[in-house]
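Peer 1: What follows is a single structure, and I will ask about it in a moment.
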Amino acid sequence: MYSNQTYLSTLLIEAGEIDAQVVAQLRADQPGLDNEVDTLIKQGAITEDRVAKVIATNSGSPRVDLSRYVFPEGIETRCPREIAEKYAIIPLGDDGNELSVCIADALNFDTTDSITRILGRQLVFYVATPTEINDAMLSLYGTTSGDVDTDVVTVVGAEGAEKASEADAPIIKLTNQILSDAVKQGISDIHIEPMEKSLRVRYRLDGKLFEAANHPKRLLPAVIARYKVMSRSMKISEKRIPQDGRIQLRIGEKEVDLRVSSVPSNHGESIVMRILNKSSVSLGLDQAGFLSDDLDLFRELVTLPDGIILVTGPTGSGKTTTLYSCLNEINKPDRKIITVEDPVEYELSGINQVMVRSDIGMTFAAALRAMLRQAPNIIMVGEIRDAETANISINAALTGHLVFSTLHTNDATSSVARLADMGVKKFLIASAVRAIVAQRLVRRLCNNCKAPVQLTEVQLKSMGISPDKASGLETFGPVGCGSCRQSGYKGRLGIFEIFLLDDEIRHLINNDLSAPQLRKRARDLGMRTLREDGVRKVLAGMTSAEEILSSTQED
């Protein structure tokens, strides 16, 4: 990483950062050593930070700590990836006149001159450590130099391995690299999008999209065709209609499933791949984000002998993971558990899982009817979509089965009206449903860099906290560091609204109480709303006020 290390050692001695005798002893032990500064760092005689300070002093370039630097959005587009990797530089900012770049060896003027000539810009150089630059490279570009493991991406179930010449093909390298980078970073979705003049790759991390790379538009047909081939079920020649497929991969030691969806757009076909990483899924209720009181309550619910427990929320709110966590909690050898899903996202040991195949008549309703003849104790229905599925699920709950399922509603209490709209009689809803849980996912604050913040009056009012109570509260907000891609957040957790159907609520449902009235009465009886649960997690330092206020409605 450093060029003239003998000269750099001399500068370190002159600055008093290292003992001259230590350097002399090293040279005596290893004559002709050309990387003595790297060796001194490995031996612990000096740190990268101290080296960076000496380089900054002697080059006139300021030292910047990249581990805490907040990068402007899209700054990686100001310096092509291949240039950044070749010269180990990181773009910091662009004011239109000058481009600020970070480099470890600012004393190598041949390199700085080459970078200036290649980028064709007026550059301002800053100094960081090699480790900080490698971490920032991963954060901005998705990989560090020499870190692309394209050769370990294997399509599970493929008939024979690819020929060496095929595996070395640029398109295969590119498509494998996109997948490998995404899995390494814990990405949930990959978006391959045709723009007017480019091919854009975006990743979704913790619910937020960011741009990972831009490629020439001419690569689009080959990239789309490659992913269709990997899915083994999508037609390469068909570009006029949407298609769905599935890719099973082994990346290193990880087994990964991808749900692939292609849609024609005005600039060409767009592909979105949802990553289901079997090795990273959390299937415990204690990992879902429940606070202790809600966790105890929910654990009581999942051990009921019969009835329906519904989990509601929009797409991507973690409903399926919560259902899997419930099943994992009660999965015992003396219980038969069957699920019907579209599709089966994760394989659960000891549980019979059935996948919906509408093309051959295996709908949710058909599968559910067949499941009941298998004498199960517990049933999970991936989603209640129609009246037939709803009524079969209700009847199963009334005949001694414990049923778990999901609905698409904005809150817990409106699920009653949703089931009624499907044609389920209200007295059956009141009799069968035990609890309805609404949930959302919010980003979890990064524990490495979160810092105390003062909430504004508007935030306090929106969160239902009076100013006199706010003085003693400690709340945290995002800062940003290398560990969390400068976002201030790492991972997600759930916020929950648990609606219990007791005798009074059942009476109100039977009397056709409207959804708003039902919600008001449920709150009077102690139901905590999504926002109220989120506020508790803000006060516990788990997430930020901004996350809660943007993800929930005011009560």
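Peer 1: Within segment 349-358, count every residue that is modelled with pLDDT of 90 or more and more than 17 Å from Tyr324 (Cβ to Cβ).
Peer 2: Taking segment 349-358 and keeping what is modelled with pLDDT of 90 or more, we get 351-354.
From the residues that got through so far, the ones that are more than 17 Å from Tyr324 (Cβ to Cβ) too are none.
So the answer is 0.
Peer 1: Considering segment 46-72 alone, what residues qualify as being surrounded by fewer than 17 Cβ atoms within 10 Å (Cβ to Cβ), part of a loop (DSSP other than H, G, I, E, B) and either touching a helix residue (DSSP H, G or I) at 6+ places or on another chain (Cβ under 8 Å) or touching a residue at least 60 places away in the same chain (Cβ under 8 Å) (or both)?
Peer 2: Those that are surrounded by fewer than 17 Cβ atoms within 10 Å (Cβ to Cβ), part of a loop (DSSP other than H, G, I, E, B) and either touching a helix residue (DSSP H, G or I) at 6+ places or on another chain (Cβ under 8 Å) or touching a residue at least 60 places away in the same chain (Cβ under 8 Å) (or both): Thr47, Pro62, Asp65, Val70.
Peer 1: Tally up the residues in segment 93-108 that are farther than 20 Å from Leu11 by Cβ, out of contact with any Leu (no Cβ under 8 Å at 6 or more places or on another chain) and assigned to a strand (DSSP E or B), please. Quick ask: steps written out before the conclusion?
Peer 2: Going residue by residue through segment 93-108, those that are farther than 20 Å from Leu11 by Cβ are 93-101.
If we keep only those that are out of contact with any Leu (no Cβ under 8 Å at 6 or more places or on another chain) as well, we get 94-97.
Now narrow it down to the ones that are assigned to a strand (DSSP E or B): 94.
Summing the residues that are farther than 20 Å from Leu11 by Cβ, out of contact with any Leu (no Cβ under 8 Å at 6 or more places or on another chain) and assigned to a strand (DSSP E or B) in segment 93-108 gives 1.
Peer 1: Return the residue satisfying two criteria in turn: it lies in segment 306-317 and is under 23 Å from the mean Cα position of the chain (by Cα) and buried (at least 21 other Cβ atoms within 10 Å of the Cβ), and of such residues it is nearest to Leu493 (Cα to Cα). Before you say what the answer is, go through the steps one by one.
Peer 2: In the first step, residues of segment 306-317 are kept if they are under 23 Å from the mean Cα position of the chain (by Cα); the result is 311-317.
Cutting the leftovers down to buried (at least 21 other Cβ atoms within 10 Å of the Cβ) gives us 311-313, 317.
Details: Val311: 15, Thr312: 16, Gly313: 14, Ser317: 10 Å.
The qualifying residue nearest to Leu493 (Cα to Cα) is Ser317.
Peer 1: Specify the residue that is modelled with the highest pLDDT; the eligible residues are those in segment 73-83 that are open to solvent by less than 60 Å² (accessible area, probe 1.4 Å) and outside any helix (DSSP H, G or I). Working first, answer last.
Peer 2: Just the residues of segment 73-83 that are open to solvent by less than 60 Å² (accessible area, probe 1.4 Å), to begin with: 74-76, 79-81, 83.
Imposing the further condition that a residue be outside any helix (DSSP H, G or I) reduces the set to 74, 79-80.
On the way: Gly74: 77, Cys79: 86, Pro80: 82.
Among residues in segment 73-83 that are open to solvent by less than 60 Å² (accessible area, probe 1.4 Å) and outside any helix (DSSP H, G or I), the one modelled with the highest pLDDT is Cys79.
Peer 1: So Ala522 ticks every box in (1) modelled with pLDDT under 90; (2) over 30 Å from Ala136 (Cα atoms); (3) small (Gly, Ala, Ser) but one. Which box is left unticked?
Peer 2: Ala522 satisfies all of (1) modelled with pLDDT under 90; (2) over 30 Å from Ala136 (Cα atoms); (3) small (Gly, Ala, Ser) except (1).
Peer 1: Residue by residue through segment 10-21, note down the ones that are in contact with a helix residue (DSSP H, G or I) (Cβ under 9 Å, 6 or more places away or on another chain) and either exposed (fewer than 15 other Cβ atoms within 10 Å of the Cβ) or under 13 Å from Leu107 (Cβ atoms) (or both). First the steps, then the outcome.
Peer 2: Pass one, segment 10-21, residues in contact with a helix residue (DSSP H, G or I) (Cβ under 9 Å, 6 or more places away or on another chain): 10-15, 17-20.
Across segment 10-21, the qualifying residues are Thr10, Leu11, Leu12, Glu14, Ala15, Asp19, Ala20.
Peer 1: Might you check whether a residue that is of a type in the set (Asp, Glu) and closer than 25 Å to Met527 by Cα occurs anywhere in segment 380-397? Write out each step before concluding.
Peer 2: Looking only at segment 380-397, we keep the residues that are of a type in the set (Asp, Glu), and these are 383, 386, 388.
Then drop every residue that is not closer than 25 Å to Met527 by Cα, which leaves 383.
Checking segment 380-397: at least one residue is of a type in the set (Asp, Glu) and closer than 25 Å to Met527 by Cα.
Peer 1: Does at least one position in segment 481-500 carry a residue that is free of Cβ contacts under 8 Å to residues at least 60 places away in the same chain, part of a loop (DSSP other than H, G, I, E, B) and open to solvent by less than 20 Å² (accessible area, probe 1.4 Å)?
Peer 2: Yes.
Peer 1: So, one more: Against the definition (out of contact with any strand residue (DSSP E or B) (no Cβ under 9 Å at 6 or more places or on another chain), more than 30 Å from Ser431 (Cβ to Cβ), open to solvent by 60 Å² or more (accessible area, probe 1.4 Å) and not basic (Lys, Arg)), how does Ser462 come out, yes or no?
Peer 2: For Ser462, the condition - out of contact with any strand residue (DSSP E or B) (no Cβ under 9 Å at 6 or more places or on another chain), more than 30 Å from Ser431 (Cβ to Cβ), open to solvent by 60 Å² or more (accessible area, probe 1.4 Å) and not basic (Lys, Arg) - is not met.
Peer 1: Can you say whether Val354 is open to solvent by less than 10 Å² (accessible area, probe 1.4 Å) and touching a strand residue (DSSP E or B) at 6+ places or on another chain (Cβ under 7 Å), as far as the supplied structure shows? If you could, list the steps in order and put the result at the bottom.
Peer 2: Working: open to solvent by less than 10 Å² (accessible area, probe 1.4 Å): no; touching a strand residue (DSSP E or B) at 6+ places or on another chain (Cβ under 7 Å): yes.
The answer is no for Val354.
Peer 1: Kindly evaluate Ile236 against the criterion of being part of a loop (DSSP other than H, G, I, E, B) and touching a Lys or Arg at 6+ places or on another chain (Cβ under 9 Å).
Peer 2: Working: part of a loop (DSSP other than H, G, I, E, B): yes; touching a Lys or Arg at 6+ places or on another chain (Cβ under 9 Å): yes.
Taking the combined requirement at face value, the residue satisfies it.
Yes/no matrix, rows are residues, columns are (1) among the charged types (D, E, K, R); (2) open to solvent by less than 70 Å² (accessible area, probe 1.4 Å); (3) under 30 Å from Lys208 (Cβ atoms); (4) at pLDDT 95 or above:
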{"residue": "Glu300", "(1), (2), (3), (4)": "yes, no, no, no"}
{"residue": "Thr303", "(1), (2), (3), (4)": "no, no, no, no"}
{"residue": "Asn328", "(1), (2), (3), (4)": "no, no, yes, no"}
{"residue": "Pro333", "(1), (2), (3), (4)": "no, no, no, no"}
{"residue": "Glu347", "(1), (2), (3), (4)": "yes, no, yes, no"}
{"residue": "Ile360", "(1), (2), (3), (4)": "no, no, no, no"}
{"residue": "Glu383", "(1), (2), (3), (4)": "yes, yes, yes, no"}
{"residue": "Thr389", "(1), (2), (3), (4)": "no, yes, no, no"}
{"residue": "Thr399", "(1), (2), (3), (4)": "no, no, no, no"}
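Peer 1: Also: I'm checking my understanding of the structure. Among residues of segment 231-250 that are hydrophobic (A, V, I, L, M, F, W, C) and open to solvent by 20 Å² or more (accessible area, probe 1.4 Å), which one is modelled with the lowest pLDDT?
Peer 2: Filtering segment 231-250 for residues hydrophobic (A, V, I, L, M, F, W, C) gives 234, 236, 241, 247, 249.
Those left that are additionally open to solvent by 20 Å² or more (accessible area, probe 1.4 Å): 236, 241.
Details: Ile236: 90, Ile241: 93.
Per the criteria, the residue is Ile236.
Peer 1: Could you grab me the full set of residues in segment 203-223 that are out of contact with any helix residue (DSSP H, G or I) (no Cβ under 8 Å at 6 or more places or on another chain) and within 21 Å of Ser188 (Cβ to Cβ)? Steps first, please.
Peer 2: Step one: of segment 203-223, the residues out of contact with any helix residue (DSSP H, G or I) (no Cβ under 8 Å at 6 or more places or on another chain) are 204-210, 216-218, 220-221.
Once the filter is applied, which keeps residues that are out of contact with any helix residue (DSSP H, G or I) (no Cβ under 8 Å at 6 or more places or on another chain) and within 21 Å of Ser188 (Cβ to Cβ), segment 203-223 yields Arg204, Leu205, Asp206, Gly207, Lys208, Leu209, Phe210.
Peer 1: Among the candidates Leu276, Leu283, which residue alone is under 18 Å from Val344 (Cα atoms), hydrophobic (A, V, I, L, M, F, W, C), open to solvent by 30 Å² or more (accessible area, probe 1.4 Å) and at pLDDT below 85? Spell out the reasoning first.
Peer 2: Details: Leu276 fails: open to solvent by 30 Å² or more (accessible area, probe 1.4 Å).
From the options Leu276, Leu283, the qualifying one is Leu283.
Peer 1: Another one. Condition (residue is among the acidic types (Asp, Glu) and touching a Phe, Trp or Tyr at 6+ places or on another chain (Cβ under 8 Å)) applied to segment 32-50: is it met by at least one residue?
Peer 2: For segment 32-50, residues among the acidic types (Asp, Glu) and touching a Phe, Trp or Tyr at 6+ places or on another chain (Cβ under 8 Å): present.
Peer 1: Further question on the same structure: Return yes when Ala438 is open to solvent by less than 10 Å² (accessible area, probe 1.4 Å), in contact with a Leu (Cβ under 9 Å, 6 or more places away or on another chain) and farther than 23 Å from Arg523 by Cα and no when it is not. Can you show your working first?
Peer 2: On the way: open to solvent by less than 10 Å² (accessible area, probe 1.4 Å): yes; in contact with a Leu (Cβ under 9 Å, 6 or more places away or on another chain): yes; farther than 23 Å from Arg523 by Cα: no.
Taking the combined requirement at face value, the residue does not satisfy it.
Peer 1: Right, another one. Asp38 - would you say it is farther than 22 Å from Cys449 by Cβ and either buried (at least 19 other Cβ atoms within 10 Å of the Cβ) or not charged (D, E, K, R) (or both)? Step through it out loud before you land on a result.
Peer 2: Values: farther than 22 Å from Cys449 by Cβ: yes; either buried (at least 19 other Cβ atoms within 10 Å of the Cβ) or not charged (D, E, K, R) (or both): no.
Spelling it out, it is not the case that Asp38 is farther than 22 Å from Cys449 by Cβ and either buried (at least 19 other Cβ atoms within 10 Å of the Cβ) or not charged (D, E, K, R) (or both).
Peer 1: Give the residue that is most open to solvent (accessible area, probe 1.4 Å), with candidates limited to residues of segment 502-522 that are among the charged types (D, E, K, R) and in contact (Cβ under 8 Å) with a residue 12 or more places away in the chain.
Peer 2: The selected residue is Asp512.
Peer 1: Here are some residues: Asp105, Asp94. Which one is surrounded by fewer than 19 Cβ atoms within 10 Å (Cβ to Cβ) and at pLDDT 85 or above?
Peer 2: After ruling out the rest, the residue left standing is Asp94.
The values are calculated or read from the model by the stated rules, or taken from the named source; none is laboratory data. This one's a predicted model, so the numbers in the text were calculated from it and none came from an experiment. With ideal geometry, Cβ positions are generated from the backbone for all residues, glycine too; neighbour counts draw on all protein chains shown. For accessibility, only protein heavy atoms count, side chains too; no ligands or nucleic acids. Shrake-Rupley method; radii C 1.70, N 1.55, O 1.52, S 1.80 Å.
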